[in-house]
Structure formats: structure tokens, C-alpha cells
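Let me begin by presenting the structure, written as C-alpha cells, before commenting on it.
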Amino acid sequence: MSEQENILKLKEMVEVSDNIVFFGGAGVSTESGIPDFRSETGIYNTVHKYGCSPEQILSHTFFMRKPEIFYDFYKSTMVYTDAEPNEAHKALAKLEKLGKLKAVVTQNIDGLHQKAGSEKVYELHGTIMKNYCMKCGQFYDLSYVMNSEGVPRCEKCGGMVKPDVVLYEEGLDDTTISKSVRAIAEADVLIIGGTSLNVYPAAGFINYYHGNKLVLINKSETPYDRQANLLIHDSIGKVLKTCAADL
Ligand SMILES: [Zn+2]
């Protein structure tokens with residue numbers, strides 16, 4: 001089948017379903033201009049500047065020991081305050097409003113799904129939008145973190161403020177996991193997009209899906225291409241926009 005025929009087939013699935021779940025990765029945000037920090041240029045630039053990899057900097061140990069360097073990297077590389085939702089985010093928000101989409105499960109931390117209007121969003125790796133004082137738990141928004149010089153400190157107690165982002169060595173939030181698993185297990189259509197499925201825990205989540213409408217949308221091949229009932233190698237924004245049009 002041609003790519004165009006595959007997109008039309010997905011459009012038909014979307015039209016008749018009221019229980020779609022979307023599972024997304026970094027590729028959903030790259031179309032908003034947010035680079036995948038795991039890409040080779042990202043790693044090269046980081047190693048060049050700090051003498052260590054993004055994975056090292058983004059670990060809990062590193063955050064506690066060298067928060068100045070962590071925040072220098074974090075503010076310059078992980079946060080894109082000007083990023084806007086793209087066609088994929090908008091289409092998914094529309095499908096939720098129409099009662100077709102039950103949840104978005106995402107590995108992204110940029111908050112763009114909510115910015116597009118999605119409400120049921122399970123952020124496996126947390127979000128840059130929420131930040132808490134490590135001592136007293138006081139909440140701070142993104143602009144507070146970005147506008148503070150160096151390491152953000154709590155106004156109330158002086159404690160260090162930490163983004164609600166899951167760092168390496170840290171576990172995922174149990175509630176978020178169980179809600180994600182339940183949504184996937186009960187889904188009629190599972191659309192997976194913008195992820196190579198190489199990153200933990202993406203691959204494991206697919207196994208909870210029991211339906212026969214597993215849709216994979218990715219520009220490049222993934223190890224799960226054979227398991228998919230429908231495979232589309234194309235732009236996630238373009239595909240989802242087409243599917244949500246005229247609904
Ligand atoms: Zn505090």
C-alpha cells in the first residue's frame with residue numbers, strides 16, 4: 001500500500017473509534033523545533049562544552065552535586081520557551097474534544113500537548129512546567145526557573161528548586177505509569193508516533209495493548225515495525241492533521 005492509502009486507512013480507524021490512545025516520543029516535539037537531545041549533535045556539543053554527556057548531567061547525582069552546571073545545561077538545551085504546538089499536538093487535542101481520544105501518553109517534558117488544549121496527558125518523564133522546592137515543596141512555574149540567575153532558590157525557605165522532570169537514576173511516577181498502562185490496555189486504537197521505541201520504558205508499554213489496531217507513525221524504521229497493524233513512515237504532524245480534518 002502507498003503511504004497515502006495508509007493515511008486514509010488510519011483516518012477511517014479514527015472516524016469509527018471513540019477509544020484511541022496516543023503514545024508519543026521526541027519526534028512529536030521536533031516538528032515544533034525542539035531537538036531530540038539524544039541526537040548526535042546534541043551529545044557532541046554537550047561533551048565539548050562541559051566535558052560530559054547529557055545523560056551524566058541529567059542524572060540525579062549530578063543535579064545534587066553540581067546544580068550550577070545542571071541548570072546551565074538545562075536552561076540552554078532542555079527548555080524552549082518559544083516553542084508552539086504543531087499540527088500533531090493540535091490534531092490530538094481536537095480528537096480528545098470530540099470524545100475520540102482517551103489519553104496522550106508522552107515521553108516529552110515540554111508541556112506542548114496541554115498548550116494545544118489536551119487535558120488527559122500522562123507525562124512519563126515529567127514536565128518542565130512544574131517545579132518544586134526540595135525543602136518545603138513550594139510550587140514554581142517555568143518562568144520563575146528561567147528568570148532566576150543560576151540555580152533557582154525557594155523564595156520562602158531558600159531551598160533548591162528542582163524541575164518535576166524525571167532524571168536518570170530516578171524512578172518514574174507510579175500513578176502516571178498505572179494510568180498510562182490502563183489507558184493502553186483498554187484502548188481500541190493505539191497510535192504510536194515519533195519514537196524509535198528504543199528508549200525505556202516505551203517498548204514495554206506496547207505489550208499492554210491487546211487490540212488489533214496498532215498504528216506506528218515514524219519517519220525511520222523501528223524494531224516494532226513488524227508488530228504494527230498499520231505502519232506509516234511519514235511526518236507525524238502531516239498524518240494526524242489529515243486524520244483529524246473534517247471531523
Ligand atoms: Zn522552600
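Here are a few things to note about the model shown:
- Residue within segment 106-119 that is within 16 Å of the ligand (Cβ to nearest atom), part of a loop (DSSP other than H, G, I, E, B) and either crowded, with 20+ Cβ neighbours inside 10 Å or not small (Gly, Ala, Ser) (or both) present: no
- Only a single criterion out of (1) under 28 Å from residue 235 (Cβ atoms); (2) open to solvent by 20 Å² or more (accessible area, probe 1.4 Å) is not satisfied by residue 190, namely (2).
- Any chance residue 164 is under 14 Å from the mean Cα position of the chain (by Cα) and open to solvent by 60 Å² or more (accessible area, probe 1.4 Å): yes
- Residue in segment 171-187 that is in a loop (DSSP other than H, G, I, E, B), open to solvent by 30 Å² or more (accessible area, probe 1.4 Å) and touching a residue at least 60 places away in the same chain (Cβ under 8 Å) present: no
- Residues (assigned to a loop (DSSP other than H, G, I, E, B) and either within 18 Å of residue 238 (Cβ to Cβ) or in contact with a helix residue (DSSP H, G or I) (Cβ under 6 Å, 6 or more places away or on another chain) (or both)) located in segment 193-212: 194, 195, 197, 208, 209
- Top-ranked residue in segment 40-71 [being open to solvent by 70 Å² or more (accessible area, probe 1.4 Å) and modelled with pLDDT of 90 or more; ranked as farthest from residue 145 (Cα to Cα)]: 56
- Output for segment 86-95, where each listed residue is within 17 Å of the chain's Cα centre (by Cα) and open to solvent by 20 Å² or more (accessible area, probe 1.4 Å): 87, 90
- Taken over segment 124-138, residues that are assigned to a strand (DSSP E or B), open to solvent by less than 70 Å² (accessible area, probe 1.4 Å) and more than 6 Å from the ligand (Cβ to nearest atom) amount to 4.
- The combined condition, being open to solvent by less than 20 Å² (accessible area, probe 1.4 Å) and either among the charged types (D, E, K, R) or part of a strand (DSSP E or B) (or both), is not fulfilled by residue 145.
- When residue 154 is tested against the conditions (1) within 16 Å of the ligand (Cβ to nearest atom); (2) open to solvent by 40 Å² or more (accessible area, probe 1.4 Å); (3) within 22 Å of residue 81 (Cα to Cα), the lone failure is (2).
- Of all residues making up segment 212-226, the number that are acidic (Asp, Glu) and farther than 19 Å from residue 13 by Cβ: 1
The values are calculated or read from the model by the stated rules, or taken from the named source; none is laboratory data. Since the structure is predicted, the reported quantities are computational estimates derived from the model, not experimental observations. Positions of Cβ are backbone-derived with ideal geometry, glycine not excepted, and every protein chain shown enters the neighbour counts. When the accessible area is computed, the model is the full protein with side chains, heavy atoms only, and any ligands, DNA or RNA have been set aside. Shrake-Rupley method; radii C 1.70, N 1.55, O 1.52, S 1.80 Å.
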